[in-house]
Structure formats: structure tokens, C-alpha cells
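Report on the structure given below.
The values are calculated or read from the model by the stated rules, or taken from the named source; none is laboratory data. Keep in mind it's a predicted model, so treat the numbers as computed, not measured. Here the Cβ positions follow ideal geometry from the backbone for every residue, glycine too, while neighbour counts run over all protein chains shown.
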């Protein structure tokens, strides 16, 4: 019997296992083969791979520095923001660390103590409550079945968390979006993180991120039968805006949570707890989740360290600043995604970077061609 079984070995689960693995008997499970390098055909996370300042700060607080092998290029210091319906464009200064997301996840897993048992290629199929601790059933990498009992189960399995759905079906869940991200060959590019708004296609946003000799284009869409068509339309509109890229070479998708109120946050209770996006900890304005993954894992580890009894109450207290942050981001989202407010902000130029005369981002040519 394990003390703690962690379902999901992304930044949330691997950080939690690293922080707890020396003092508890821990099992870390993920359906991806995180014990080896990522290769074509493997499951991949549809993520732009940018470490926002909040994620950088939390890594520093935990005493971690990203190795050079994880860092991609170019490093990005500005967001090129485009409202494709109103034909508005602005440049805003921001500071990100550009990384290889799959390599980042594997690096975090490599930091987990050897004492932690891992099961990669395993997929959760059921979770059964029990007075002695939940019983978890998995489909193994070879197609077989396995059962595990733990004193405490942790759902770190993302927006579509099965742990949450099985354990807390009556708690309102954040609205889920489908994120699609494609990789394109490209030559010339601007070293900007592109943020694309087009309410004809999605009430969220799209993004472009240069990554080495590739360009990532992605977007998050509400569930519908036209997601693929809308994504293709967004790609074409990016071309029309001057983004230069060639043929598509890879594509991935993922579910993304977008909480709108504190009622949709669910850290869990008793012997089934949730962290990261499974709990609803993600920015509803930008879908930035790595900082929330790292911070919620640290909060949960601190709550579990004294023992499993009372850990849920300690965790709820420790996670309260995260909940307030999500709520603040929801308020910010109402301004960013409000058609009138976003366009008023962009037209005013408030907070934007003045571009050099003659560039397509100069105030005299803020309207797209």
C-alpha cells in the first residue's frame, strides 16, 4: 500500500513527487513514456512552452534553474497582439523563457527521488473509495490491468481530470476548451509571442511562438464540430497578417480548463486531493498553467508533510492565494475578451511599445494591411 498515489506526472505531479518522495511511499503515474526522450508518435502536450515571470519566480523559490538543454530560442520579450476583426495591432513588452515543453517535463521527472516508484504508460480507468484509502485501477503500457491502493490519491491529471470527475461529480467544473497546436517549418520570423483574437472563431485566443527553426501556431476553442475548420481559418489569417511559415510538420491537442469563479476550484477533501489544472488552478485570461502547477504542488506538499491527517484542511488554506490569483485573472479576462474594452485599450496604445517609424507596428500603421 502506498502513502500517496499521484495520477499525472506533468509539472504538478512531478514537483509534488520530488517534494514528498523522501518522506513518503509515493507512486507517480502518467500515460506518457516520460522515462525516455520524446519521439515521434508519442503523446505530446499542446503547450507553447513559455515560462512566464510567475513560473520563473516559483522555480527560483524552489531552488531550481532551467538547464540549457531545456531552453529553446529565440527568447521573447514582447507580445504582438492582434484583433483580427477590428484590424488592430499593438506590441506589449513581456518577459518569457522559451523552452522545449516535452524536455521540460522530462527534466522535472528526472529530479524525482529514486525512492519514488513510477509507472509510465499507465492510464487511470477507475477510482474506488474505501475507508482504508482509495483503490485505483489502471490500464498498463502493455494493455494489461493493474490495481493500486493508497492512503491518499492525488489528481494531477489536468483539465480532463478523471480523478476529479470520479470523486467530485457534483462540484461545478470549469468550462473546457480544446487547444490545437501545430508546428510549421519557417524561415524568417519576428521574435514575438503572437496573441491573436478573432471572435468569429473562438471566444478565447490563438498564439504564435517561434521555436528554433519552427513556428508554433495554436488556439483554444469551445467544443464544437467546427474546431478543425476554425483552426485552419486561424492559420490562414496568421499568414495574411504577415507571419511567415511553411508546411505543417506536427500537430497536438489538449483539453484546457477556463475557470470563471471560485466555485469551480476544487482542491479536494479527505483522501482524494487535486492540484494544478485538475483543481482549476490555471489563468483564465492566458491559459498559463505552469506557475499554478508548481505553486499548487508546493502548497500540497507542505500540507502533506506533517502527515495525511488534516492535510486537506491545511491544503485549502495554503491554496487560498492561488484561488485569489485565479479570480483576479478572471476579472482581467473580462477586460481582455470584452470586445469594447480590448479595442479601447489597443486604440489608446496604453502600455504598448512605440515601434520605429516605418515598421508595420508603428502607430501610423497600427491598422493591419
Open item on the list: For the stretch 279-348, give me every one of the helices (runs of 4 or more DSSP H) that falls completely inside it and has 3 or more residues that are touching a residue at least 12 places away in the same chain (Cβ under 8 Å) and closer than 22 Å to residue 49 by Cα.
Closed with: 290-304, 320-336
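If I ask for residues that are free of Cβ contacts under 8 Å to residues at least 40 places away in the same chain and surrounded by 13 or more Cβ atoms within 10 Å (Cβ to Cβ), which ones from the stretch 142-157 would you list?
First, pick out the residues of the stretch 142-157 that are free of Cβ contacts under 8 Å to residues at least 40 places away in the same chain: 142-147.
146, the sole residue that qualifies.
Could you grab me the full set of residues in the stretch 158-197 that are part of a loop (DSSP other than H, G, I, E, B), surrounded by 21 or more Cβ atoms within 10 Å (Cβ to Cβ) and at pLDDT 95 or above?
So the first thing to find is which residues in the stretch 158-197 are part of a loop (DSSP other than H, G, I, E, B), and the list is 158-161, 168-174, 186-192.
In the following step, the residues that additionally are surrounded by 21 or more Cβ atoms within 10 Å (Cβ to Cβ) were identified as 158-159, 161, 174, 192.
Answer for the stretch 158-197, where residues must be part of a loop (DSSP other than H, G, I, E, B), surrounded by 21 or more Cβ atoms within 10 Å (Cβ to Cβ) and at pLDDT 95 or above: 158, 159, 161, 174.
Mind checking which residues of the stretch 199-210 are closer than 16 Å to residue 79 by Cβ, more than 17 Å from the chain's Cα centre (by Cα) and modelled with pLDDT of 95 or more? Give the steps one after another, and end with the answer.
Let us first name the residues in the stretch 199-210 that are closer than 16 Å to residue 79 by Cβ, namely 204-210.
Those still in the list that are more than 17 Å from the chain's Cα centre (by Cα) too: 210.
Hits for the stretch 199-210: nothing passes.
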- [ ] With respect to residue 230, determine if the residue is in the same structural domain as residue 84 (by TED's automatic domain parsing) and at pLDDT below 95.
- [x] no
Open item on the list: Here is a list: 150, 156. Which entry is within 18 Å of the chain's Cα centre (by Cα) and more than 27 Å from residue 336 (Cβ to Cβ)?
Closed with: 156
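Inspect the stretch 303-311 for any residue being in contact with a strand residue (DSSP E or B) (Cβ under 9 Å, 6 or more places away or on another chain), assigned by TED's automatic domain parsing to the domain that holds residue 167 and at positive phi and give the result as yes or no. Show your work before the answer.
Step one: list which residues in the stretch 303-311 are in contact with a strand residue (DSSP E or B) (Cβ under 9 Å, 6 or more places away or on another chain), which gives 303-304, 308, 311.
Now restrict to residues that are assigned by TED's automatic domain parsing to the domain that holds residue 167: 303-304, 308, 311.
Filter again for at positive phi, leaving none.
No, the conditions are met nowhere in the stretch 303-311.
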Open item on the list: So in the stretch 254-278, with the set limited to residues that are under 11 Å from residue 158 (Cβ atoms) and touching a strand residue (DSSP E or B) at 6+ places or on another chain (Cβ under 7 Å), which one is surrounded by the fewest Cβ atoms within 10 Å (Cβ to Cβ)?
Closed with: 255
- [ ] Report yes if residue 101 is farther than 23 Å from residue 254 by Cβ and surrounded by 12 or more Cβ atoms within 10 Å (Cβ to Cβ), otherwise no.
- [x] no
Open item on the list: Out of everything in the stretch 67-83 that is at pLDDT below 95 and assigned to a loop (DSSP other than H, G, I, E, B), what residue ends up being farthest from residue 350 (Cα to Cα)?
Closed with: 72
Task: Sole exception among (1) buried (at least 18 other Cβ atoms within 10 Å of the Cβ); (2) outside the structural domain of residue 215 (by TED's automatic domain parsing); (3) touching a strand residue (DSSP E or B) at 6+ places or on another chain (Cβ under 9 Å) for residue 88, by number - done: (2)
Task: Any hit, the stretch 290-297, residues being crowded, with 20+ Cβ neighbours inside 10 Å and over 18 Å from the mean Cα position of the chain (by Cα) - done: no
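With respect to residue 63, determine if the residue is modelled with pLDDT of 95 or more, at positive phi and in the same structural domain as residue 208 (by TED's automatic domain parsing).
Working: modelled with pLDDT of 95 or more: yes; at positive phi: yes; in the same structural domain as residue 208 (by TED's automatic domain parsing): yes.
So residue 63 passes the test.
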Open item on the list: For residue 9, only one of the following conditions fails: (1) surrounded by fewer than 23 Cβ atoms within 10 Å (Cβ to Cβ); (2) in a loop (DSSP other than H, G, I, E, B); (3) assigned by TED's automatic domain parsing to the domain that holds residue 276; (4) in contact with a helix residue (DSSP H, G or I) (Cβ under 9 Å, 6 or more places away or on another chain). What is its number?
Closed with: (1)
Open item on the list: Restricting to the stretch 129-154, count the residues that are modelled with pLDDT under 95 and in contact with a strand residue (DSSP E or B) (Cβ under 8 Å, 6 or more places away or on another chain).
Closed with: 5
